[in-house]
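The values are calculated or read from the model by the stated rules, or taken from the named source; none is laboratory data. As the structure is a computational prediction, the values presented were derived from the model and not from experiment. Here the Cβ positions follow ideal geometry from the backbone for every residue, glycine too, while neighbour counts run over all protein chains shown.
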Amino acid sequence: MGKFAEFLGNPGARPDVHHRAPIADHSRYEELGDSNDYKNDDMVRVVSNSDASTDDELCDMNLAANGEIFTSKGFTGLKKGFTDKSLDFLVRVAGSQIVFFIIWVIVIIWIVIGIVYNAPFNWQVVMQDGQSIQSYVWDTLLMRQQLMSTHEQILICGRLRSRLASFRDYLTRGFSKEGKKEECIVEANEVDSAGEHVDLSMVTGELPVENWYDRLSNLASECMGSITAMIIFWLGIFVWIGCGAIPKDAGNTPPYTGETSGSNPKLKKFSDDWQMYINTAVAVSILICSTFLQNLRARHDDFIGKFLIKIFDMDEQIDYYIRRHFNDFHTPHPIITVTEKKRSTARKMIDWYADIIGTGIGVAIGVAVFATWIGIGSPLKWNDNWWLIIGTYTGLVGFLDGFILREVYFRIVSHEEENYAELAKEDLELFQELGLDCPEEFNGKAPERNSLSYRISQYINRICSTQWSVLVSIIIIIALICIASGLRWSTTGQLIANTPTMIIEEFFLLVLLQAHNWADRQRRVEVTSLFARRSILLSYVQKRYPANLALKN
């Protein structure tokens, strides 16, 4: 997280990002001789490292062989410390299949216990408390996951743009050292758009299916993130509200007694048990949805990471071919700067809160709250109210976190897409200058969708992603606190504070899941299109500057 004072001194900071690509390591290639089959040789597996510059302003970015990305600075612009690295590790662990399966095992065991003991009150509270604590932790991991992912993708675009600027300078220079116009070794139309290297069908944005888990995950992702799932969810809520109007134990009271719900204490509408039922059901749903979303993002990031390794391999090979031809392994690539986007005061405050969630500060606050809750257990005699306290606190905080997660995600995804669009624009401009044809499928834009369900979903996503929606969530929280305080934080008061927040939190998870599906599909199209464009450029450079040419003196 960096120094605590620096963090608090500039809350919600989103400073400019400066990055410079490293020069191709020619020793890796020259050890293999003049073979023209570098990209098919397993020995040339590039693990991309950052420029070894001592400039403190530059942010280093390393791409490991397994597709994981490591950066020297976090999204706040501060150098990563032990806490940041630990949280990044926890994000990777939380997104693993093992953790997802463990959650399912816990849910199944809890269901079996409920069946055996006839679903007692404490059985439901344990699930709600456990889910609330899990959701509180997962909000930190989800926020950090999305903020770091965007930071990494911006650095990736910066790396590729840095090298591309050098490629453009070399390839369009057109003059040899003698000052004569250099004849291109191959005509542009002979490259044939690298059709032999690129499969047009791959630029579809579809995830590969390797096993049953992939198929099930893809299906679940599409179903849970659909407008149909949202409609079913709200229909279920309305049915539950209707059931609340039915007096409890009404079926056990003879109709001829003339007793009413007001005179018979057993006949109680909208009872605590009625609220507990929906709280428990939504708690299970939130538990599954939050862990599934974390796992889904990790799985999609792995897919992107594998493509990035291939793209960085080709990028370094292009750099090597060009620099070998010009006998220049010393001129550094230019520094690319991604400037901070202008933000309103409200959005700076939202980013500050997002930073609290996604850094060690949020973890420290959570530990302090949980310790306090356990500490007051004995004075409260571990009663029902004590059990509900932690669920109420984490429920209200999680409610706000859901709005913050969605608003921040909408903005950072837009920022990512702008950077990929800028990269695609610069690629196509270079192709035009070189006279290379680039199929329209490789422009990095996903096919447009204009169905009614898509338009409705898009409208819902926009409403849920504004800074005004965050303000509304704060007003709702204040109102619920006032109501619970009026009821002296009794069981009923805490359930009233819990119930609507959990319902809306689950709805926002569905919205966030849908937004991720859209953003990830766009990202896969962008990255696979980028792969295709680099294949075209590599094919062109290989033919223009064959590897078996002698170095110029």
Quiz prompt | ILE154 over 22 Å from the mean Cα position of the chain (by Cα) and modelled with pLDDT of 90 or more | solution = no
Quiz item: Which of (1) in a helix (DSSP H, G or I); (2) within 30 Å of CYS157 (Cβ to Cβ); (3) of a type outside the set (Ser, Thr, Tyr); (4) without any contact (Cβ under 8 Å) to a residue 24 or more places away in the chain does PHE403 not meet, given it meets every other one?
Solution: (4)
Quiz item: Which members of region 351-376 meet the condition of being at pLDDT below 85, assigned to a loop (DSSP other than H, G, I, E, B) and of a type outside the set (Ser, Thr, Tyr)?
Solution: none
Quiz item: Looking at LYS348, LYS341, which one is more than 26 Å from ARG20 (Cβ to Cβ) and among the charged types (D, E, K, R)?
Solution: LYS348
Exercise. Within region 330-345, track down each residue that is surrounded by fewer than 19 Cβ atoms within 10 Å (Cβ to Cβ) and under 18 Å from LEU164 (Cβ atoms).
Key: THR331, PRO332, PRO334, ILE335, THR337
Exercise. For region 350-382, name all the residues that are of a type in the set (A, V, I, L, M) and under 16 Å from GLY130 (Cα atoms).
Key: VAL367, VAL369, ALA371, ILE374
Quiz prompt | Filter pass, VAL112 being in a helix (DSSP H, G or I), over 21 Å from ASP355 (Cβ atoms) and either polar (S, T, N, Q) or out of contact with any Cys (no Cβ under 8 Å at 6 or more places or on another chain) (or both) | solution = yes
Quiz item: closer than 30 Å to THR528 by Cα, within 27 Å of the chain's Cα centre (by Cα), surrounded by 17 or more Cβ atoms within 10 Å (Cβ to Cβ) and not basic (Lys, Arg) - does that describe any residue in region 471-485?
Solution: no
Exercise. Starting from region 159-187, take each residue that is farther than 19 Å from PRO546 by Cα and modelled with pLDDT of 50 or more and list its partners that are aromatic (Phe, Trp, Tyr) and surrounded by 13 or more Cβ atoms within 10 Å (Cβ to Cβ), counting only C-beta distances under 9 angstrom and pairs at least six apart or across chains.
Key: ARG159/PHE312; LEU160/PHE312
Quiz item: In region 311-347, what residues are part of a helix (DSSP H, G or I) and either of a type in the set (S, T, N, Q) or within 24 Å of HIS415 (Cα to Cα) (or both)?
Solution: ILE311, PHE312, ASP315, GLN317, THR345, ALA346, ARG347
Exercise. Might you check whether a residue that is within 26 Å of GLU441 (Cα to Cα), outside any loop (DSSP other than H, G, I, E, B) and at pLDDT 80 or above occurs anywhere in region 222-243?
Key: yes
